[in-house]
Amino acid sequence: MIFKKSALSLIATSAIVVSSINMAQAREQIRIVGSSTVYPFSSSVAEEFGATSKNPTPVVESTGSGGGMKLFCKGNDLNTPDITNASRRMKSKEFKLCEKNGVTDITEAVIGFDGIAIAQNKNNKALELSKKHLLLAVAEEVPSKDGKSLVKNPYKKWNEIDSSLPDREIIIYGPPTSSGTRDAFEDMIMKGQTKKMDVYTSLYKKDKVKNKGYKKYHKVRQDGVYVPSGENDNLIVQKLSKNPAAIGIFGYSFLIQNDDKVAAAKINGVLPTPKSISSGEYPISRSLFFYTKNSHRKDVPAMDKYVELFMKEDMIGPEGILSEIGLIALPDERRTAIRASVAKYTKLTLEDLSKK
Amino acid sequence: MKNINNTNNNKNLSDNPFYDPSLTQRHKSARRFKIFTITCIAFALSFLVFFLGDMITKGLPAFQQSYMQIDVTYNDQTIASTRKAIDKKYRRIVSRAWLRNIPKMVQESPELMATTQSTWVLVNHQVDQYMKDHYYKIKNKELKIIEDMKAQGKIQLQFNSIFFTQGDSKIPENSGLKSSIIGSILTLLVTMVVAFPMGVMTAVYLEEFADDNRWTQFIEVNINNLAAIPSILFGLLGLAVFINLFGMPRSSPLVGGLTLALMTLPIIIVSSRAALRSVPDSIRQAGYGLGLTKVQVVQDHVIPLAFPGIMTGSIIGLAQAMGETAPLIIIGMIAFIPDSPGSIFEAATVMPAQIFTWAGMPERAYVERTAAGIMVLLSILISLNALAIILRKKFEVKW
């Protein structure tokens, strides 16, 4: 008797398992993965799409840019995502991975900019930093006083870096290494400067294998001055409101939602505003992307409509819905050009990616 | 007289053969120890009180939502462009989520067409934050309108039914727990269907049928070990086996449930074995004495007697599975999924995942929703655990 029952339950379980293996060929629901920075924008569009059309709301997963690319490039099978979001451009390595797995027909869409804010407690006096100041504050090794050699970062106070800066302890809450914001910060603040500074590059030229890290030096100090604070930007905002000495590094959308607690610092004399970020005047911003897998367009018919909605002026325009939650619109001309290119599903090539 | 007696006593203490000079010291030390233990409890309790107090004060406002009474016009033009359904001056006050629903509302009740109704409409999260005395960002022009409406009683806080009837949303005032509650239920159903029979059967075999040899000892050690494995590893296992090998749909309650079942199994096995062991041997002996077979003894006597204990363990295991997020990140259940799943094959999210998603959102209105989500989740967990206790108390047999 008991064996009969247990055999029955075993059969039932395996039936569930087997029936799920052969899933339907066409799919109604779009599947999107990728960057946590693009996630709020992408899911806003997804929601609008679900609410205003008869299609189910697309599933948007926040896996990080790199994780998204991996899933996206896995193959053309309908179990793989249709679209991946990225807070940086696809790397040529990733493109080759895609190609290897048969994902060759990809279209790139740029949706706008995301500013990276350097902010502090609102009650502090306004702070004005340069990119150089930031580099000297966060790098593991910095040029010595005479500028001839590299020494371990000795700076503990801002006025030690530059006498015009306040007499305040340096403590920086920023994103951890896994984050796209951290990549962007290292690219723009660290690599961008160190690759042009002889102190770093001369070391690389001396021994290209051993000193590979000095070509574009981007090592962040580990002596507790730079505090990696997790992927959650809300946490950094909370820390800044508790600790007036600290400064924080996080996405622009968190700045505009919390301007009662934190205020942005001027970087090279420019405050982050939609205008200054869009024009490129504000120096720390990056483009946001999504990539579509065009081989799925036939089996996932909703994809075209979703992409069309995303590229509409109501969404990515300067007055669009996404601007309310912190997306900075592209300049008008570029927006029109990209919209046209996406509408044609222009095929992405390796040459496109190597171009700057 | 008394005084004299006392002094006499003191004097004679050292003569008393039972007198222990370290006694007062030892009593003191015992008291100190007691105070330490009490402080520890007080410390833990104060953390709990602080946490719950913080959650409740933050989360309570989320159970109310602001609505505003204004005229809404329904006609062809306003269906095409829903912004035109309301007076221009209210456009920055009313929620976009409410406006975009107008075509659906008209479809559901066609008699609205070509009329203008005075309706309670949902306002956006900034206005809602203003009504709740939180930090808000509203332009002066709109603020004046809102203040006037508030004075007339035309903006009010009402019960927030959206929180329970809508799924996730990027528009804070339109977001709710519904899809994640349904997702949690489906996921737990799968977990229970798989883990409960498997766990109980394993326990019955190990406790009632198996010989005590190397092989069963090896299994036992592994089960105990499994109970201590960090839950994220089960997520990796789920990804490798269920999604990549069997090709089951990503983010589905099926995969989530199976993954959580693996995690819950050791808990169910261990507690079921304890329950089976507590059934006295005399029951089994009596059964054999009456000529019952082993299966009959186990099925008709031992399992029914052990059942309250098995249930308690299983419910606690399920409660743990319900609060789990880490393994679900890896199998894609932590995502933006506003639609409620219709079956275990569709994409779904679960309650702790929903709370996690809200906690990372930039808009302030999500702070209260996060806390309210925690309150709902905690009350479900408390009731599950209470159910376990009640079942045990009611059906437990004392020997």
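Worth a mention:
- Those residues of segment B:331-358 which are surrounded by fewer than 23 Cβ atoms within 10 Å (Cβ to Cβ) and more than 13 Å from every other protein chain (Cβ to nearest Cβ), in sequence order: B:Pro352
- Condition check for B:Leu328: under 25 Å from B:Gln166 (Cβ atoms) and either surrounded by 23 or more Cβ atoms within 10 Å (Cβ to Cβ) or in the same structural domain as B:Phe234 (by TED's automatic domain parsing) (or both): yes
- Among residues that are touching a Lys or Arg at 6+ places or on another chain (Cβ under 7 Å) and surrounded by fewer than 23 Cβ atoms within 10 Å (Cβ to Cβ), B:Ala371 is included.
- For the condition closer than 14 Å to B:Met149 by Cβ and of a type in the set (Val, Ile, Thr), B:Ile70 qualifies.
- In segment A:293-338, the qualifying residues are those that are under 21 Å from A:Phe254 (Cβ atoms) and touching a Phe, Trp or Tyr at 6+ places or on another chain (Cβ under 6 Å), and the one that is surrounded by the fewest Cβ atoms within 10 Å (Cβ to Cβ) is A:Gly326.
- Whichever residue in segment B:146-163 is in a helix (DSSP H, G or I) and more than 21 Å from the chain's Cα centre (by Cα) and, among such residues, is farthest from B:Lys89 (Cα to Cα): B:Ala151
- A residue that is of a type in the set (A, V, I, L, M) and within 14 Å of another protein chain (Cβ to nearest Cβ) occurs nowhere in segment B:372-392.
- Where strands (runs of 3 or more DSSP E) sit wholly within segment A:138-226, those with at least 1 residues that are modelled with pLDDT of 85 or more and within 22 Å of the chain's Cα centre (by Cα) occupy A:172-174.
- One residue stands out among those in segment B:164-197 that are in a helix (DSSP H, G or I) and touching a Phe, Trp or Tyr at 6+ places or on another chain (Cβ under 7 Å): the one that is farthest from B:Pro253 (Cα to Cα), which is B:Pro172.
- In segment A:37-64, the qualifying residues are those that are closer than 16 Å to A:Met303 by Cβ and part of a loop (DSSP other than H, G, I, E, B), and the one that is farthest from the chain's Cα centre (by Cα) is A:Lys54.
- Checklist (1) within 14 Å of chain A (Cβ to nearest Cβ); (2) at pLDDT below 90 applied to B:Glu111, failing item: (1)
The rows are residues; the columns are (1) of a type in the set (A, V, I, L, M); (2) touching a residue at least 60 places away in the same chain (Cβ under 8 Å); (3) surrounded by 15 or more Cβ atoms within 10 Å (Cβ to Cβ).
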| position | (1), (2), (3) |
| --- | --- |
| A:Thr201 | no, no, yes |
| A:Lys205 | no, no, no |
| A:Val209 | yes, no, no |
| A:Tyr214 | no, no, yes |
| A:Tyr217 | no, yes, yes |
| A:Lys239 | no, yes, yes |
| A:Ala246 | yes, yes, yes |
| A:Ile249 | yes, yes, yes |
| A:Ser253 | no, yes, yes |
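- The residue that is nearest to the other protein chains (Cβ to nearest Cβ), among those in segment A:308-356 that are touching a Gly at 6+ places or on another chain (Cβ under 8 Å) and free of Cβ contacts under 8 Å to residues at least 40 places away in the same chain, is A:Asp314.
- Boolean, A:Ser253 is at negative phi, touching a Pro at 6+ places or on another chain (Cβ under 9 Å) and within 14 Å of chain B (Cβ to nearest Cβ): yes
- Residue in segment B:254-270 that is within 13 Å of chain A (Cβ to nearest Cβ), among the β-branched types (Val, Ile, Thr) and surrounded by fewer than 23 Cβ atoms within 10 Å (Cβ to Cβ) present: no
Every residue, every condition in (1) within 14 Å of another protein chain (Cβ to nearest Cβ); (2) out of contact with any helix residue (DSSP H, G or I) (no Cβ under 9 Å at 6 or more places or on another chain), yes or no:
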| site | (1), (2) |
| --- | --- |
| A:Ser53 | yes, no |
| A:Thr57 | yes, no |
| A:Gly64 | yes, no |
| A:Gly67 | yes, yes |
| A:Phe72 | yes, no |
| A:Asn85 | yes, no |
| A:Leu97 | no, no |
| A:Gly102 | no, no |
| A:Thr107 | no, no |
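- Verdict on B:Phe196 being among the aromatic types (Phe, Trp, Tyr), modelled with pLDDT of 90 or more and under 25 Å from the mean Cα position of the chain (by Cα): yes
- Of all residues in segment B:46-64, none satisfies being free of Cβ contacts under 8 Å to residues at least 40 places away in the same chain, part of a helix (DSSP H, G or I) and among the basic types (Lys, Arg).
- Entry remark, segment A:258-268: residues being within 14 Å of chain B (Cβ to nearest Cβ), outside any strand (DSSP E or B) and either surrounded by fewer than 22 Cβ atoms within 10 Å (Cβ to Cβ) or modelled with pLDDT of 90 or more (or both) number 3 in total.
The values are calculated or read from the model by the stated rules, or taken from the named source; none is laboratory data. If you're wondering where the values come from, they're calculated on a predicted model, not measured in any experiment. In this analysis, Cβ positions are derived from the backbone assuming ideal geometry, glycine residues included, and neighbour counts consider all displayed protein chains.
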